[in-house]
Amino acid sequence: MSFRATVLVGNKKGKVGLGVSKGPDVSAAVSKASREAYKNMFIVPITGNQTVPYPTVTKYKACMIKLLPATAGTGLKAWSSVRAVLELAGFENVLSKIMGSNNKLNNAMASIKALSSYKHADHFNKRVVQKVKHETTDEKAEEQKETASVVKEIQAKQAGIVPEVVIKPSETTSEKPVAKKPAKK
């Protein structure tokens, strides 16, 4: 005889994961499923209203999940395992609809699939139309560094990690950083 356990983990700040595993007893199944859930954790984009960025419909096996953004103060309008997934991910204002099967595991998997299908801010930043201007390669490199640092700060905030402080040399000083040469063998 074996036992199956389903574990859902999240930090309510934009990270959620689901794990399903079997074991000879309940405690072994739960520990294996929780390890799998932590391995399967991913970041979901949460807007300023604590809602999903845009409407989506996702199908997983016989289940179909519809997630719609909601205005602030609406609350979490979800049922069954979809509500648990959305709560642990950190959403507060979402409208949802479950169509098809009432199987709780398949509904949870469908909601995980729906959340993982959302594009992140990086995707939309690339698509923003900017004014065309002639820049030197130094200006482009500096702009890319600034964009990368902003993206890292956003990802760190979602992960709950405090970013380290970076001290930049002022532009008025004429000192240039000296590159260290690797030691010879």
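General observations
- The residues of the range 79-101 that are over 13 Å from the mean Cα position of the chain (by Cα) and either closer than 22 Å to A37 by Cα or charged (D, E, K, R) (or both), listed by number, are W79, S80, S81, V82, R83, A84, E87, E92, K97.
- Boolean, L67 is within 19 Å of K15 (Cα to Cα), in a strand (DSSP E or B) and touching a residue at least 40 places away in the same chain (Cβ under 8 Å): yes
- Hits in the range 18-39 - residues which are crowded, with 17+ Cβ neighbours inside 10 Å and over 17 Å from K104 (Cβ atoms): K32, S34, E36
- Yes/no for T47 being under 19 Å from the mean Cα position of the chain (by Cα), assigned to a loop (DSSP other than H, G, I, E, B), touching a residue at least 40 places away in the same chain (Cβ under 8 Å) and over 18 Å from N103 (Cβ atoms): no
Throughout, read-outs are computed from the coordinates displayed, never taken from laboratory work. All of these numbers come straight from a predicted model, not from anything done at the bench. Virtual Cβ from ideal backbone geometry, glycine too; neighbours counted across all protein chains shown.
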